[in-house]
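Bear in mind these aren't lab numbers, they're just calculated from the coordinates by the rules spelled out. Note that the structure is predicted; figures quoted are calculated from it, not measured. All Cβ positions, glycine included, derive from the backbone under ideal geometry; neighbour counts span all protein chains shown.
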Amino acid sequence: MKWKVIEKSKLPALIAELASEYEIFAPVKEKSIVSFERLSSGNEAYLGFRNTKKPPKEVFFPQTEVLFTYRIGEKDVEIVESPAVKAKMMVLGVRPCDARSFVLLDKFFSFGEHKDLYYLEKRKNTTVVGLACNHPLSTCFCTSLEGGPFGKEGMDLLLQDINDKYLIETVTERGEELVKKFPWLKDAEKADVEKAKMLSEDAENAVKSKVSVKDVSEKLDRMFDDPLWDQIYQKCLGCGVCTFLCPACCCFDILDEETEERKRVRIWDSCQFSCFTLQGSGHNPRPSGKERMRQRIMHKFNYFVKNHGESFCVGCGRCVQECPVNLDIREVVGAISTRQVE
Ligand code: SF4
Ligand code: SF4
């Protein structure tokens, strides 16, 4: 029961069946850009990608999200809409690093006394179907961060591309229940499982980029005022690309909008923006790129480790690929790990 196979040619039919029950998000190719979109009759899942430009975090944490609308009455404020509990959703074709980012985001959005129901409700209603990476990119370093190209964390099912077929591995009970709904799926043969195992080993070996995060958190405890930050931030433009494209970054701002109706809206924000911590008085506790870069690194490799026991990075390499000035987080972490500190 653990392993099934589906011919690639039959995947669209499977997705069409699933669409009667789920709102499905999957990678869609438009020109040269692949990103997670809601599937409709006009677009199709595209699984021939290496990694999507934007991560799938926006399925649960959209770039712009209306939290509620409201009316101001004479005596009080009436909330017109409470958070909508979405229909059953499915995210299909999620690479292992991105699926692992969901686990980190779950920790972030459920931490402490106040749970973020907007995120958590969507997560609860969503089935995650992963897609193993046969060909990691040179910028991938997932194996340094508790992941791997065939990792299963954060998924209900894992698809593994074994040439003309996908091997389907059930990961959770939810995944198992889903597979049971399709009795026409064939059982995998021993050769299919062996083929996937071989591809998995090759993929693991293909991740050449390594970063040592061991001791980095502990070192950062003593590096708040280290002169290294003066060097690291120099070429950063503060564009925020690294944070917007990061599957784990989830800073946001909340504002009220008044068009035909009054809305409270959540939008993505970035700790790399100069106005992120700008106070109404004009004072900014992070006045330059130095403090902002330090915050990004501290949050990922120190504060999050303290709160949740692991780094807030999955090694997807997007920030490495897309930074316009080649500021490479692997080099930053490397410089910290080899730094002599008191
Ligand atoms: S993408 Fe590069 S330049 Fe832009 S904020 Fe991030 S580190 Fe700075
Ligand atoms: S910090 Fe960079 S490598 Fe790490 S998860 Fe974010 S985008 Fe990927």
* To do: Would you please state the base-10 log of I(q)/I(0) at q = 0.09, 0.13, 0.20 1/Å for the stretch 1-124, with intensities from the Debye formula using one equal scatterer on every alpha carbon?
  => -0.35, -0.67, -1.25
* Structure fact -> re the stretch 286-342: pairs of Cα atoms spaced beyond 16 Å account for a percent value of 52
* To do: Any chance you could get the radius of gyration and Dmax over the Cα atoms of the stretch 3-206, in Å?
  => 18.7, 72
* Among DSSP beta bridges lying fully in the chain, give the percent that are antiparallel, nearest 5. => 75
* Would you kindly state how much longer the chain becomes between Glu189 and Asn205 on full extension, computed as 0.36 nm times their sequence separation minus their alpha carbon distance, in nm to one decimal? => 3.3 nm
* Structure fact -> Residue ranges of DSSP H helices in the chain that stretch 18 Å or more (Cα, own long axis) and have mean Kyte-Doolittle hydropathy of at least -1.0 are 96-109, 190-206
* Can you give the helix-only mean residue ellipticity at 222 nm for the chain, where every DSSP H stretch with n ≥ 4 adds -39500 (n - 2.57) and the sum goes over all residues, rounded to the nearest 500 deg cm²/dmol? -> -8000 deg cm²/dmol
* What does the charge count near Glu322 come to, summing +1 for each Lys or Arg and -1 for each Asp or Glu among other residues with Cβ under 11 Å from its Cβ? -> +3
* Structure fact -> Rounded to one decimal in nm, the spacing of the 7 Å Cα→Cβ label points at Lys197 and Gln231 is 4.6
* Asked: Taking the Cα centre of the stretch 214-337 as the origin, how large is its charge dipole in debye, to the nearest 20, when only Lys and Arg (+1) and Asp and Glu (-1) carry charge on their Cβ atoms?
  -> 260
* Structure fact -> Rg/Rh over Cα atoms for the stretch 112-191, Kirkwood Rh, comes to 1.05
* Quick one: dipole size for the stretch 3-206, taken about the Cα centre, charges +1 on Lys/Arg Cβ and -1 on Asp/Glu Cβ, in debye to the nearest 20. => 300
* To do: Order the peptides 265-275, 95-105 from the highest to the lowest mean number of other Cβ atoms within 10 Å of their residues.
  => 95-105, 265-275
* Quickly work out the Thr259-to-Glu173 label distance, labels modelled 7 Å from Cα along the C-beta direction, and quote it in nm with one decimal. => 4.2
* Ranked packing of 285-296, 147-158, 193-204, 241-252, most packed first, by mean Cβ within 10 Å -> 147-158, 241-252, 285-296, 193-204
* Structure fact -> Note on the stretch 166-216: alpha-carbon gyration tensor, axes a ≥ b ≥ c; rule is a/c under 1.5 for rounded, else prolate if a/b larger than b/c, else oblate; result oblate
* Structure fact -> At the level of C-alpha centres, the distance separating the stretch 1-56 and the stretch 259-303, in angstrom, is 34
* **Alpha carbon convex hull of the stretch 98-158, volume per residue in cubic angstrom** => 88
* How far apart, in nm, are the 7 Å Cα→Cβ label points at Glu81 and Thr338? -> 5.3
* Asked: In percent, how large is the relative contact order of the stretch 3-206, given Cα pairs closer than 8 Å and 6 or more residues apart?
  -> 23
* Structure fact -> For the stretch 214-337, averaging the sequence separation of alpha carbon pairs under 8 Å that lie six or more residues apart and dividing by its residue count, the contact order in percent is 32
* Structure fact -> Here the net charge surrounding Leu117, from other residues whose Cβ is less than 11 Å away from its Cβ (Lys, Arg +1; Asp, Glu -1), is +2
* Taking only the alpha-carbon positions of the chain and ignoring solvent, what does the Debye formula give for the base-10 log of I(q)/I(0) at q = 0.11 Å⁻¹? -> -0.80
* **Pairs beyond 20 Å (Cα-Cα), from Lys88/Lys263; Lys2/Lys186; Lys31/Lys152** => Lys88/Lys263; Lys31/Lys152
* Report Rg(Cα)/(2.2 N^0.38 Å) for the stretch 214-337, keeping two decimals. => 1.14
* Asked: Which Cα, out of Gly151, Phe25, Thr127, lies furthest along the positive dipole direction of the stretch 3-206 (beta carbon charges, K/R +1, D/E -1)?
  -> Phe25
* Asked: Dipole magnitude of the chain about its Cα centre, charges +1 at Lys/Arg Cβ and -1 at Asp/Glu Cβ only, in debye to the nearest 20?
  -> 620
